[in-house]
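Undergrad: Got a structure for you, written out below as structure tokens; questions coming shortly.
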Amino acid sequence: MRSGAKVAVIGGVFAVVVGGVGYGAYNVLDGLGDSGVGGGSDAKTTSQEVRTGPVTKDEIAQTSKNFLAAWAKGDAEVASKLTNNAADAASVLTQYSESAHVTKAVITPGAATGSKVPYTVRATVSYKGKTKTWSYDSDLTVVRGLTTGHALVDWKPSVIHPELREGETLETGESSTASIEAVDRNGQVLSKEKYPSLGGILDELRKKYGEKAGGTTGIETWINSANADGVDKTLLTLVKGKPGRVTTTLDAKIQAAAEAAVKKFDKSSVAAVEPSSGAIRAIANNPANGFEPARSAAVAPGSTMKIITAAMIIQNGLGSANSPVKCPSTVPWEGVTFHNLDEFSMPAPTLKTAFARSCNTAFIKPVLPLGDKRDTALHDEAGQYFGIGQVWRTGIATVDGKVPASEGSETAASFIGQGKIQMNPLNMASVTATAAHGQFLQPYIVPKSLDNRTFATANPLPGGVSAQLKEMLHYTATAPEGTATQAMASVGGDKGAKTGSSEIDGHATSDSWFTGYSNDLAAAALVQSGGHGGDAAGPVVAAVLLAGP
């Protein structure tokens, strides 16, 4: 049916108007031919003046409705011409019906925020006589075409599904990996529906251990990873395979607390481990899908790094928890001046009180006597006693922390968690667990007996060092001047903590870091652009610790 024909609006929810003809845009539509859609892909035309400037409210509404209508109908050609990358859009939109086997789509848009239009997709997937409803949310952005001046959908694969990335494909069929039933340490079933942050982890555990656990395949809709060794993401299960049982170290109660805690802050993540065993008890991220900073970030940890720096100072005979140190407002190091927050100073601090106030200069000045060892001392301490820089085989993909040898001003920066230091919450939770337990035990999420992998090891902290670190962490979490005291006020038991904030190039606000322990649970959190450690990351860690033993 061409653009001159009349089509009834389906359901009366809304209509898009193209060439004077109304189309119901909430169902699989009839009658939306390519001559009935204005706009076109971003190819230059000469028949009219090219429009410039920001897209208007009307253009946003019209273009988004037209695109969603064509997509809902299953007309990949028409929908793709309403984007600024017709070729790539047509390929993904065609997959939606031909590879993902979507036979129907009802798309409900929400109110636009600027040029961004959110919507809910309620699709029907059918494969070999099996049918199931598939619902999810996504959004699109309308932009001005660079050559045509038309208002167009800014094409990216996430327009079709929020977890779809460049180079990935959608497919429905018999799964290539065996199903699993992942359970926590107490036998409670873990699902991505109940614990959204575990989606990627559960997919990875399935790929690695499903067959070993005796699982069989089912019929599913999934995203094919763009990497040959990547993990496919299951989006919908039409027919369940027989699941093999995989027991993890996770604790459902602690995981639930972590999931709730990260939802309070955008771009937040947290990990928790058990100091006495290294068992990972929780991993959570907000947003819950896509990149997982809790186990995969590699960013500066700020002053939480002072846990390792303090251990280095004590072990090298440069100070102790209760020995006096100097905390001037600034300290020079090879042509660079390092500052305390708001240029504060302390008149007569000990290493413990300087740690509690997070005095940067007090953790740079004592290291000056190390001479030639200054550039490698922190690297050696981190690797030999905290397991940082070694290869962790946790049972899932994780990014190992890095404390490289340095030189010049970067050496001083590394002592306060800046420079080339790279950590994520799982790394810092392990650092805190090591300080509390006195011995590094590599974090893991499934037992090594499952695949006979080798765990990383490190030397026990020398006598007295762990006790002093615990004393400093406890003081920071309980003393009136401690930067972690407010956040840890509700946490009971044997406890300790350290705050941190790290400056990131191009970010107006620093990242918020916090790490702490209570009894036999250690946790660390990162809130990107969250500011002071105690303000954002602190409450996340406290909520997780409260769920522990």
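Please treat every number below as a calculation from the coordinates, not as lab data. Keep in mind it's a predicted model, so treat the numbers as computed, not measured. Heads up, the Cβs are rebuilt from the backbone with ideal geometry, glycines too, and the neighbour counts pull from every protein chain shown.
Undergrad: Can you give me the Rg/Rh ratio for the range 175-248, using Cα atoms for both radii and the Kirkwood formula for Rh?
TA: Result for the range 175-248 is an Rg/Rh of 0.94.
Undergrad: Would you be so kind as to identify which of C327, S268, V465 lies farthest towards the positive end of the dipole of the chain, taking Lys and Arg as +1 and Asp and Glu as -1 on Cβ and the Cα centre as origin?
TA: Of the candidates, S268 comes out farthest on the positive side.
Undergrad: Roughly how many debye, to the nearest 20, is the charge dipole of the chain about its Cα centre, given +1 on each Lys and Arg Cβ, -1 on each Asp and Glu Cβ, and no other charges?
TA: 1060 debye
Undergrad: Something else: Taking 22 Å as R0, compute the FRET efficiency from the Cβ-Cβ separation of S99 and T131 and round it to 0.05.
TA: The pair S99/T131 has a calculated efficiency of 0.85.
Undergrad: Each label point is 7 Å from the Cα along the Cα-to-Cβ direction; what then is the distance between the points at K373 and N459, in nm?
TA: Result: 1.1 nm between the two label points.
Undergrad: By per-residue mean of other Cβ atoms within 10 Å, what is the highest-first order of 467-473, 495-501?
TA: With the highest mean Cβ count within 10 Å placed first, the list reads 495-501, 467-473.
Undergrad: Return the sequence-ordered ³J(HN,Hα) values of the range 174-185 in whole Hz as given by the Karplus equation 6.51 cos²θ - 1.76 cosθ + 1.60 applied to θ = phi - 60°, using x for Gly and Pro.
TA: For the range 174-185, the Karplus curve yields 6, 5, 8, 10, 6, 6, 10, 10, 7, 10, 7, 5 Hz.
Undergrad: Still on this model: Quick one: Karplus J couplings for the range 327-344, per residue in order, coefficients 6.51, -1.76, 1.60, θ = phi - 60°, nearest Hz, x for Gly and Pro?
TA: Residue by residue, the range 327-344 yields 9, x, 5, 9, 8, x, 8, 6, x, 10, 9, 9, 10, 8, 4, 6, 6, 6 Hz.
Undergrad: Something else: Given that just one value was derived from the coordinates, which of [x] 34, 30, 23; [y] 44, 26, 26; [z] 51, 28, 19 is semi-axes √(5λ) of the Cα gyration tensor in Å?
TA: [z]
Undergrad: On to the next question. List the extent of the Cα atoms of the range 298-512 along each of their three principal axes, largest first, rounded to whole Å.
TA: Taking max minus min along each principal axis of the Cα atoms, the range 298-512 gives 55, 40, 39 Å.
Undergrad: Also: With each label point set 7 Å from Cα along the Cα-Cβ vector, what nm distance links K242 and L146?
TA: 5.5 nm
Undergrad: Let me ask something else. How far is the Cα center of the range 473-549 from the Cα center of the range 309-342, in Å?
TA: Centre-to-centre distance over Cα atoms comes out at 21 Å.
Undergrad: In percent, what relative contact order does the chain have, based on Cα pairs under 8 Å that are 6 or more apart in sequence?
TA: 11 percent
Undergrad: Right, here's the next one. Which loop-located GluC sites (Glu not before Pro) does the range 146-255 contain, where loop means any DSSP state but H, G, I, E or B and the Cβ has at most 11 other Cβ atoms within 10 Å?
TA: E166, E193
Undergrad: Starting from the 7 Å offset along Cα-to-Cβ, what nm value, one decimal, do you get for the label separation of F344 and K116?
TA: So the label points at F344 and K116 sit 3.5 nm apart.
Undergrad: Let me ask something additional. Sequence gap at least 6, Cα distance under 8 Å: using those rules, report the relative contact order of the range 479-549 to the nearest whole percent.
TA: Result for the range 479-549 is 32 percent.
Undergrad: When you count, for each residue, the other Cβ atoms within 10 Å and take the mean per peptide, how do 518-526, 184-192, 61-69 rank with the highest first?
TA: Ranking, from highest mean packing down: 518-526, 61-69, 184-192.
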